[in-house]
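Here is the structure we will look at.
The values are calculated or read from the model by the stated rules, or taken from the named source; none is laboratory data. Here the structure is a predicted model, which is why all the values come from computation and not from measurement. Heads up, the Cβs are rebuilt from the backbone with ideal geometry, glycines too, and the neighbour counts pull from every protein chain shown.
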């Protein structure tokens, strides 16, 4: 799922109606990238062309923008929830220390 998020975010950042975007990441092989781009295209989240051994990506679709927005909102909610849990843990821990001394 991390590669899907990376691809969508890069396309959003670089998209232009008149140009194609070549995607490459040091930590993923071309086969992995091509496979995930194909999945995104089949899900109608991006516009992409495929050729032997590769792909060219143009833009996100409407659904792609909506999906990426939901990922961003979900990530933000998770960060907020995690921060709250850490704060609650610290408060509980501090209370325990106070009672033990």
Can you list residue pairs whose Cβ atoms sit under 6 Å apart, with the first residue in segment 35-47 being at positive phi and the second being exposed (fewer than 14 other Cβ atoms within 10 Å of the Cβ) and part of a helix (DSSP H, G or I)? Count only pairs 6 or more apart in sequence or on different chains.
44/63
Picked from segment 1-20 (must be in contact (Cβ under 8 Å) with a residue 12 or more places away in the chain and farther than 22 Å from residue 74 by Cα), the residue surrounded by the most Cβ atoms within 10 Å (Cβ to Cβ) is 15
Hey, does segment 21-29 have a residue that's touching a residue at least 24 places away in the same chain (Cβ under 8 Å), in a strand (DSSP E or B) and in contact with a helix residue (DSSP H, G or I) (Cβ under 7 Å, 6 or more places away or on another chain)?
yes
Taking the condition of being out of contact with any strand residue (DSSP E or B) (no Cβ under 7 Å at 6 or more places or on another chain) and assigned to a loop (DSSP other than H, G, I, E, B), how many residues in segment 30-71 meet it?
4
Conditions first: (1) under 17 Å from residue 1 (Cβ atoms); (2) at pLDDT 90 or above. Residue 62 passes all but one, so which condition is the exception?
(1)
